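A short worksheet on the structure shown next.
The values are calculated or read from the model by the stated rules, or taken from the named source; none is laboratory data. Just so it is clear, the model here is predicted, and its values are computed rather than measured. Note that we place each Cβ from the backbone using ideal geometry, even for glycine, and neighbour counts take in every protein chain shown.
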Amino acid sequence: MKTVAVVGTQWGDEGKGKIVDLLAADADVVVRFQGGNNAAHTLVVDGEKFILRLIPAGALHAGKVCVIGNGTVVDPLALCEELAALRARGRFIDDALLKLSCDAHMVMPYHRAVDHAREARAGRRAIGTTGFGIGPAYEDKMARVGLRFDELRNFARFRDKLTRNIADKNSYLRAVLKAKPLKGGEIVDQMKRVRGRMLPYLCDTGAYLAEAVAAGKRVLFEGAHGAMLDIDHGTYPFVTSSNCIASAVFSGAPLAPGRLDAVLGISKAYTTRVGAGPFPSEIKGRLANRLRIEGEEFGSATGRPRRIGWFDAVLARFAARLNGMWGLALTKLDVLTGIDPLRVCVAYQVGARRYDEIPPGRSALERARPLYEELPGWSESLSGARALSDLPPNARRYLERIAELAGVRLVMAGVGAAREATIVFSNPFLA
Ligand code: IMP
């Protein structure tokens, strides 16, 4: 297959970065199509850890084209920093290999200020955002007052619009959010400085991708976040502000519908989420702490401790249906070593009723009690496993049961952080 999308099936942090990095070896082009630097994709390459927020994970392979599509929102200051950090570590991205959609919206310092001020004001009702201004930037896009990268070409016009936006945001910050206004001149100067660095990357990514696909190139679409954080399908309002399911490829890369060959969903062998909101299979106490430490479950973007839960097959089925998943990759199986028995949430109970799917009217999820199935654990280390036959029987049984409950075939299993610590049953680019 030539065009493959990788998407998260939980609340983000499923280990998509690692799988994208692995598949990027066989791809020509890697594309981000939604979200911004609220994403943080962690990769371990040759023993070195990298966290990529905006730059597609293909950047760690030489010669791959990295595309940031129009559906993303991009903080130009954060992009400059990320590029500089990669270069400082000897990972040079050739300017010609990075293509930033001229239609992508810019995240401005006032978006971050609004995000912070709103969360501070919301107190106990806060969403627990990453604080990077992502929601406010998408709001401006929808309100048709956002600034797109293309507008940097004519800086005088850009400055006028930016100045108007700053004045509006400052009124809102002062009067409604009771927060400190921003210094407009500083923002204009910052944008003047980054302009020259952004212009060489600007590209009509739709035309570029159509040509690449027509030429038979292999294109990998790198989703951010996860189905349960999707603005339409997730646990609203505790979601991010973009569509995180595979259909966002068609509007946000963009790729024509019908041109996508396969969707690979990524799940952790257990579940995590950061921020507030319902989480039916959540566990607390010593076991949660143990998994948090073993799995290094601290937000890569913000450092916050992640909430921990058992694998939730109801969510997996939901994500499989929404995404039309071709296969499932289960990551971090090794983290479950030594826990016996293991539990998997197979259904919910709300009141007296059992639900095998997410109950309608998502607020029911807040009242949903998990119904568990128990599976025997294993004590052997999995880190050296490179084939299914290297896994202890109970680990194999766990994988098989999860695939069965999710209704999707399992195509990969992760047994460690490194690129090579992955058992690949089927690679979509070679299938
Ligand atoms: P925002 O995307 O910063 O607006 O945050 C909204 C919600 O999405 C919060 O609960 C965040 O913790 C969550 N979120 C956003 N991006 C990620 C991610 O990449 N991984 C996990 N959670 C995320």
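Brief remarks on what is shown
- Taking strands (runs of 3 or more DSSP E) as the structural unit, those lying wholly within region 302-406 and holding at least 3 residues that are touching a Ser or Thr at 6+ places or on another chain (Cβ under 8 Å) correspond to 307-309, 327-331.
- When Lys16, Lys2 are screened for being in contact (Cβ under 8 Å) with a residue 12 or more places away in the chain, basic (Lys, Arg) and over 29 Å from Val239 (Cβ atoms), only Lys2 passes.
- Scanning region 54-82 for residues that are modelled with pLDDT under 95, surrounded by 15 or more Cβ atoms within 10 Å (Cβ to Cβ) and either of a type in the set (A, V, I, L, M) or not assigned by TED's automatic domain parsing to the domain that holds Leu220 (or both) gives Ala57, Ala59, Leu60.
- Reported count of residues in region 256-275, each being within 15 Å of the ligand (Cβ to nearest atom) and part of a loop (DSSP other than H, G, I, E, B), is 3.
- For region 201-233, a residue qualifies if it is touching a residue at least 12 places away in the same chain (Cβ under 8 Å), within 16 Å of the ligand (Cβ to nearest atom) and part of a loop (DSSP other than H, G, I, E, B), and the qualifying residues are Gly223, Ala224, His225, Gly226, Asp230, Ile231, His233.
- Tabulated pairs, region 295-319, first assigned by TED's automatic domain parsing to the domain that holds Leu52, second within 14 Å of the ligand (Cβ to nearest atom) and in a helix (DSSP H, G or I), C-beta under 9 angstrom, 6+ apart or interchain: Ser300/Gly17; Leu315/Ala227; Leu315/Met228; Phe318/Ala227; Phe318/Met228; Ala319/Ala227; Ala319/Met228
- Whether a residue is within 15 Å of the ligand (Cβ to nearest atom), assigned to a helix (DSSP H, G or I) and either outside the structural domain of Thr9 (by TED's automatic domain parsing) or polar (S, T, N, Q) (or both) was assessed, and Asp140 passes this test.
- Residues in region 110-123 include none that are part of a loop (DSSP other than H, G, I, E, B) and either away from the ligand (no atom under 16 Å from the Cβ) or not assigned by TED's automatic domain parsing to the domain that holds Val30 (or both).
- Residues in region 378-406 that are touching a helix residue (DSSP H, G or I) at 6+ places or on another chain (Cβ under 6 Å) and either crowded, with 17+ Cβ neighbours inside 10 Å or at pLDDT 95 or above (or both): 4 in all.
- Matching option when the condition is farther than 24 Å from Cys102 by Cβ and either crowded, with 21+ Cβ neighbours inside 10 Å or in contact with a Phe, Trp or Tyr (Cβ under 9 Å, 6 or more places away or on another chain) (or both), among Gly234, Gly252: Gly234
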